[in-house]
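Scroll down for the structure; my scribbles are underneath it.
The values are calculated or read from the model by the stated rules, or taken from the named source; none is laboratory data. No experiment lies behind these values; they were computed from the predicted model shown. Positions of Cβ are backbone-derived with ideal geometry, glycine not excepted, and every protein chain shown enters the neighbour counts.
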């Protein structure tokens with residue numbers, strides 16, 4: 001208890017990292033008998049801020065050593081001075097709580113770190129302990145973060161102790177306050193900035209660590225989210241603090257990614273000011289906010305209109321890793337990840353876990369993506385082998401070991417050095433088969449692959465595959481998210497379209513010939529149709545018994561693609577199904593007739609040619625079933 005004179009006693013009720021809380025017992029001033037307070041002799045007539053909440057008798061005020069409160073009449077008049085903490089004269093007896101801010105800072109001269117995070121990970125404790133341990137920082141934090149840090153045994157000052165204002169509007173307003181943003185934005189080399197902080201008793205923040213509400217994860221969660229709930233998940237205070245800190249990065253270190261915590265702590269251990277490091281963090285912060293805003297914008301557009309193509313488009317992509325080179329050694333390259341997909345644990349190859357092998361190359365990513373996209377389309381256990389983004393072998397079987405052997409056998413020369421993908425778990429038996437399988441070309445050479453991709457692996461299966469080769473890349477991939485826009489760059493612009501997500505189950509195979517296919521033939525046609533979708537145009541696929549026998553791809557002449565596929569299929573073409581990604585145009589007679597003469601039993605194609613009638617007549621002549629899908633699957 002400290003007596004201030006003239007019947008006024010003060011008692012500190014809180015000592016911490018925030019402002020001093022002083023309890024003032026008020027008594028009547030016997031000398032003046034008035035209801036006002038008089039100034040001590042060391043004060044001058046300088047105004048500062050005062051807020052008296054008469055409903056709860058709480059005075060909230062900011063002042064510095066060069067300022068004091070002149071009389072103010074809200075039931076009682078008050079005069080405070082921060083340097084001597086003296087109060088003189090009093091009105092009726094009462095008790096008030098006064099919040100005072102020292103001119104040095106709310107941390108009493110200590111450095112301040114502001115932490116406000118949504119993902120409460122174990123790395124919080126590491127960060128907090130590092131800041132308070134060797135850094136000597138006092139941590140200021142918001143409600144949820146403060147509680148988590150306190151639970152980890154850290155000393156925390158809640159932000160309302162800095163602002164002298166409670167969280168309000170259901171959490172919409174927490175940190176939007178001059179005592180927060182002034183401490184972030186003030187330039188330390190500008191005298192008038194620092195004088196303004198001193199005048200209002202605002203401390204400076206040297207470190208700001210913020211991440212935002214997981215907006216994209218919330219609005220894309222299973223079952224969706226109500227519009228109002230989506231709006232409430234839009235972060236306001238977080239982006240404001242991030243932008244403020246990033247703007248003033250010369251004086252404030254801003255961190256938005258937990259992966260940067262170790263680098264931050266290492267930087268703080270030294271005494272060298274590295275502006276390049278600060279600029280890098282600031283750049284990352286602005287990118288973080290920009291990608292967040294783009295996710296909100298995209299979601300809001302979808303809630304406003306059914307048009308998938310907004311007037312402007314921002315794609316939030318983050319650098320995952322630099323690559324050794326591009327498609328060719330003379331091209332520099334890097335790999336970026338769609339942040340919106342990675343947040344919801346989707347994205348296929350982009351978010352795949354690499355368990356083993358050399359680092360991925362540009363071409364590895366392209367081929368692995370093609371293989372994973374193709375194998376993910378099949379419902380039954382399936383193996384797909386890809387070379388230069390084209391599937392050269394595809395087979396579905398209840399026994400995945402048999403499916404693997406058949407997929408490789410379809411084109412063993414192309415399969416050597418290719419990518420193998422499965423749509424089910426790789427267990428011990430399958431891993432052994434992959435490791436020991438000999439090439440069908442000579443029966444001796446072990447098959448070599450660049451990559452194996454699967455949704456998961458057993459512990460033993462992974463161990464066996466790791467023993468196959470030091471360089472074999474083993475990827476565990478997430479399911480692709482459908483419905484995303486497909487973007488492709490052209491000179492000076494971008495092409496955007498829906499992803500081609502149609503499956504045979506979405507398509508009606510219309511019989512247009514006299515002969516209808518048997519159930520097994522229809523199944524082969526559907527299988528071939530699903531395969532041809534993933535082959536570069538002009539594309540032809542021949543398949544039987546849920547196994548691709550041959551394919552022709554990338555030829556400007558569809559007849560040439562047909563001949564390549566027939567050559568690959570060989571004698572097995574008899575009774576097989578043929579699929580074409582587009583209708584047979586000018587050389588319809590040569591192509592259709594050559595296919596019929598080869599012995600195929602059913603052909604599936606989109607139809608739509610002005611000469612469809614001639615194609616139907618040709619199939620009727622040879623007793624071949626012709627199915628129109630009314631769907632084209634060009635791939636360029």
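Which of the residues that make up the range 623-635 are crowded, with 18+ Cβ neighbours inside 10 Å and more than 20 Å from residue 502 (Cα to Cα)?
624, 625, 626
From 596, 547, 619, grab the single residue that is within 28 Å of residue 412 (Cα to Cα) and either buried (at least 23 other Cβ atoms within 10 Å of the Cβ) or modelled with pLDDT of 95 or more (or both).
Values: 596 fails: either buried (at least 23 other Cβ atoms within 10 Å of the Cβ) or modelled with pLDDT of 95 or more (or both); 619 fails: within 28 Å of residue 412 (Cα to Cα).
When all the criteria are applied, what remains is 547.
Restrict the check to the range 454-463 and report whether at least one residue is in contact (Cβ under 8 Å) with a residue 12 or more places away in the chain, crowded, with 21+ Cβ neighbours inside 10 Å and part of a strand (DSSP E or B).
Looking for residues that are in contact (Cβ under 8 Å) with a residue 12 or more places away in the chain, crowded, with 21+ Cβ neighbours inside 10 Å and part of a strand (DSSP E or B), one finds at least one in the range 454-463, hence yes.
Kindly provide the set of residues from the range 540-582 that are assigned to a helix (DSSP H, G or I), farther than 11 Å from residue 598 by Cβ and touching a strand residue (DSSP E or B) at 6+ places or on another chain (Cβ under 6 Å), ordered by number.
561, 564, 568
With respect to residue 417, is the statement that it is at pLDDT below 90, more than 14 Å from residue 356 (Cα to Cα) and either assigned by TED's automatic domain parsing to the domain that holds residue 356 or over 35 Å from the mean Cα position of the chain (by Cα) (or both) true?
Against the criterion (at pLDDT below 90, more than 14 Å from residue 356 (Cα to Cα) and either assigned by TED's automatic domain parsing to the domain that holds residue 356 or over 35 Å from the mean Cα position of the chain (by Cα) (or both)), residue 417 does not qualify.
Which members of the range 289-315 meet the condition of being touching a strand residue (DSSP E or B) at 6+ places or on another chain (Cβ under 8 Å) and crowded, with 17+ Cβ neighbours inside 10 Å? Spell out the reasoning first.
Residues of the range 289-315 that are touching a strand residue (DSSP E or B) at 6+ places or on another chain (Cβ under 8 Å), as a first pass: 291, 308-309, 313, 315.
Scanning the range 289-315 gives a single hit, 291.
Do we have residue 373 as in contact with a strand residue (DSSP E or B) (Cβ under 7 Å, 6 or more places away or on another chain) and in a helix (DSSP H, G or I) here?
no
Please verify whether the range 586-601 includes one or more residues that are at positive phi, over 41 Å from the mean Cα position of the chain (by Cα) and assigned to a loop (DSSP other than H, G, I, E, B).
The answer is yes; a qualifying residue exists.
Of these, 290, 295, which one is in the same structural domain as residue 116 (by TED's automatic domain parsing), touching a residue at least 12 places away in the same chain (Cβ under 8 Å) and within 30 Å of residue 186 (Cβ to Cβ)?
None of the others qualify; the one that does is 290.
Only one of 502, 487, 495 is within 37 Å of the chain's Cα centre (by Cα) and without any contact (Cβ under 8 Å) to a residue 12 or more places away in the chain. Can you tell me which? It would help to see each step written out before you state the result.
On the way: 502 fails: without any contact (Cβ under 8 Å) to a residue 12 or more places away in the chain; 487 fails: without any contact (Cβ under 8 Å) to a residue 12 or more places away in the chain.
None of the other options fit; the residue is 495.
In the range 487-512, what residues are under 30 Å from residue 577 (Cβ atoms), surrounded by 11 or more Cβ atoms within 10 Å (Cβ to Cβ) and either at pLDDT 85 or above or out of contact with any helix residue (DSSP H, G or I) (no Cβ under 6 Å at 6 or more places or on another chain) (or both)?
Residues satisfying the conditions are 497, 498, 499, 500, 501, 502, 503, 507, 509, 510, 511, 512.
With touching a strand residue (DSSP E or B) at 6+ places or on another chain (Cβ under 6 Å) and not in a helix (DSSP H, G or I) as the only criterion, which of 281, 318 stands out?
Within the list 281, 318, the selection yields 318.
Among the residues of the range 471-486, write down those that are outside any loop (DSSP other than H, G, I, E, B), within 18 Å of residue 337 (Cα to Cα) and modelled with pLDDT of 90 or more.
Residues satisfying the conditions are 475, 476.
Report whether or not residue 524 is under 30 Å from residue 372 (Cα atoms) and either surrounded by fewer than 23 Cβ atoms within 10 Å (Cβ to Cβ) or not assigned by TED's automatic domain parsing to the domain that holds residue 398 (or both).
yes
Which residues, taken from the range 385-421, are without any contact (Cβ under 8 Å) to a residue 40 or more places away in the chain, in a strand (DSSP E or B) and buried (at least 22 other Cβ atoms within 10 Å of the Cβ)?
Scanning the range 385-421 gives 385, 386.
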